[in-house]
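Worksheet for the structure shown next.
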Amino acid sequence: MSGERRIRVAVVYGGRSSEHGISVVSAGSVLGALDPEKYEVVQVGITPAGRWVLADADPASLQITGRSLPEVEKGTAVVLSTDPDSAGLVSVEPGSAVEALTSVDVVFPVLHGRYGEDGTIQGLLEMAGVPYVGPGVLASAAAMEEITKRLLRDAGLEVGAFAVLRRGRPYSVVDLADLGLPVFVKPARAGSSVGITKVTDWADLDEALEVAFAHDAKALVEAAVPGREIECGVLEDDDGQPEASLPAEIRLVRGHDWYDFEAKYLDDACEFDIPPDLPPDTIARIQDAACRAFTALECNGLARVDFFVTPDEKVVVNEVNTMPGFTSISMFPQMWAVSGVDYPTLVDRLIRAALRRET
Ligand SMILES: Nc1ncnc2c1ncn2[C@@H]1O[C@H](COP(=O)(O)OP(=O)(O)O)[C@@H](O)[C@H]1O
Ligand SMILES: [Mg+2]
């Protein structure tokens with residue numbers, strides 16, 4: 001690429017969601033994979049309180065150490081200019097003059113959960129007129145909520161039964177009884193299994209709702225779908241069409257009953273099979289359903305579609321993640337690696353898709 005200006009990528013990570021730490025770890029992998037010959041990287045950390053700071057972390061330091069997750073710390077306060085004519089970062093350090101720092105060609109929001117994967121930062125980036133990796137406002141927002149299930153059902157995909165409850169509004173167990181037990185009680189917008197409780201006795205419902213409502217004013221009560229947990233990566237190809245990876249099965253070991261936070265990140269409690277031990281026809285149906293989900297939600301760039309495959313091999317969508325875990329050992333990059341797309345290529349393809357996209 002000699003002679004050509006490198007693409008200036010702002011990698012934005014951390015953020016206000018309960019998945020702050022996971023985002024920082026994901027960003028460590030992305031930063032480590034961006035080819036310095038092609039990309040000029042600007043790091044923007046968002047503190048748990050929501051302050052944007054210019055960061056300069058060594059990617060290798062953005063890791064889980066023991067059982068503790070990394071966090072974005074202090075730095076020069078910056079904002080993204082929302083003036084599309086000067087799309088870039090502006091220093092707003094208290095006590096110093098406001099100063100334009102650098103323009104940005106593309107933003108890679110390596111952010112999970114609320115204020116990152118839910119359409120909010122996507123809206124800000126649209127305002128600023130800066131291309132960005134991943135789905136847009138509508139898909140990001142819809143995928144974050146139970147709205148996903150309605151859109152997917154409408155597109156002919158199978159989803160589990162669920163009810164929506166709101167903080168402070170009355171509800172009756174009688175209305176929920178049809179869901180059967182157990183149920184999973186979840187904040188409508190969270191991730192990494194934060195705030196989720198498996199309820200096996202209706203007497204425990206109130207407590208589970210309290211936990212969910214601590215994270216969101218809206219909660220879901222979902223019928224438990226029996227079956228194996230299968231995930232599938234979707235990536236936009238160079239013609240803008242969705243392409244599915246080989247799926248993965250997550251098998252829990254060491255006594256975990258479901259895929260909770262500890263099982264996901266801390267306890268080394270999962271084993272993965274890529275591809276899963278399923279008939280080729282079932283794998284093909286999973287891949288087809290993943291692409292259809294991507295299209296139904298009008299995603300761009302990437303998505304990870306998570307399924308339950310029931311004992312009679314029905315393919316039921318659990319959720320769609322528009323910025324799935326992106327650490328080098330996360331499912332999304334792993335599925336693509338086995339499908340022949342290594343991590344640096346994945347990052348290249350996503351940035352290419354972002355720059356190609358028309359709004
Ligand atoms: N309806 C359900 N039936 C069975 N297991 C579920 C259900 N909902 C959630 N789970 C379990 O909880 C985990 C986390 O739930 P999920 O909806 O995927 O939330 P998150 O967005 O936090 O990953 C799932 O991977 C699965 O193990
Ligand atoms: Mg999940």
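The values are calculated or read from the model by the stated rules, or taken from the named source; none is laboratory data. Remember, it's a predicted structure, so these values are computed and weren't measured experimentally. Backbone-built Cβ (ideal geometry, glycine too); neighbour counts: all protein chains shown. Side chains included, ligands, DNA and RNA excluded: accessible areas come from the protein's heavy atoms. Shrake-Rupley method; radii C 1.70, N 1.55, O 1.52, S 1.80 Å.
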Task: About the Cα centre, charge dipole magnitude for the chain (Lys/Arg +1, Asp/Glu -1 at Cβ), debye - done: 620
Open item on the list: Could you work out the pair-distance distribution P(r) of region 78-129 from its alpha-carbon pairs, with 5 angstrom bin width and percents rounded to whole numbers?
Closed with: 5, 20, 26, 21, 18, 10, 2
Open item on the list: Taking 4 °C and 1.567 mPa s as the conditions, I'd like the Stokes-Einstein D for the chain in µm²/s, using the Kirkwood hydrodynamic radius from alpha carbon pairs.
Closed with: 62
- [ ] Whole number please: convex hull volume per residue, Cα atoms of region 183-294, in Å³.
- [x] 137
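Defining a contact as two alpha carbons under 8 Å apart and six or more residues distant in sequence, what relative contact order in percent does region 128-217 show?
Values: 72 pairs, mean separation 20.4, N = 90.
So the answer I get is 23 percent.
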- [ ] Would you look at the GNM of the chain, springs on alpha carbons closer than 10 Å, and say which of S29, S172, S245 moves the most?
- [x] S172
Open item on the list: Here is the link list: K74/K218; K149/K186; K218/K264; K74/K186; K38/K74. Which ones come out longer than 22 Å on Cα distance?
Closed with: K74/K218; K218/K264; K74/K186; K38/K74
TODO: Quickly rank 191-197, 278-284 as a protection proxy: mean count of other C-beta atoms within 10 Å, highest first.
DONE: 191-197, 278-284
Open item on the list: Show log10 I(q)/I(0) for region 39-103 at q = 0.15, 0.27 Å⁻¹, two decimals, from a solvent-free Debye sum over equal Cα scatterers.
Closed with: -0.54, -1.22
Task: Over region 96-205: Rg over Rh, Cα atoms, Kirkwood Rh - done: 1.12
- [ ] Could you please state how large a percent of the accessible area of region 64-145 is carbon and sulfur, counting protein chains only and using a 1.4 Å probe?
- [x] 55
TODO: Taking 7 Å along the Cα-to-C-beta vector as the label spot, tell me the E99-K38 distance in nanometres, rounded to one decimal.
DONE: 3.2
Open item on the list: Suppose the Debye formula is applied to equal point scatterers at every Cα of region 288-359; what is log10 I(q)/I(0) at q = 0.25 Å⁻¹?
Closed with: -1.26
Open item on the list: For region 24-65, compute Rg over Rh where Rg is the Cα radius of gyration and Rh is the Kirkwood radius from the inverse mean 1/r over Cα pairs.
Closed with: 0.99
Task: Value of [θ]222 nm, deg cm²/dmol, for the chain, DSSP H segments ≥ 4, -39500 (n - 2.57) each, nearest 500 - done: -7500 deg cm²/dmol
- [ ] For region 6-129, restrict the atom set to alpha-carbon positions and state the Rg and Dmax in Å.
- [x] 13.8, 45
- [ ] Kindly provide the pair-distance distribution of region 145-202 built from C-alpha pairs, with 10 Å bins from 0 and whole-percent values in order of increasing distance.
- [x] 19, 49, 31, 1
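Of the heavy-atom accessible surface of region 229-322 (probe 1.4 angstrom), what whole percent is carbon and sulfur?
Details: 1670 of 3900 Å².
Carbon and sulfur: 43 percent of the exposed surface of region 229-322.
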Task: Accessible surface, region 1-83, averaged per residue in Å² (probe 1.4 Å) - done: 48
Task: Accessible area per residue, Å², region 204-359 with all protein chains present, probe 1.4 Å - done: 42
TODO: Please check the chain for the longest run free of trypsin sites (Lys or Arg not before Pro) that are loop-located per DSSP (anything but H, G, I, E, B) and have at most 11 other Cβ atoms within 10 Å.
DONE: 75-253
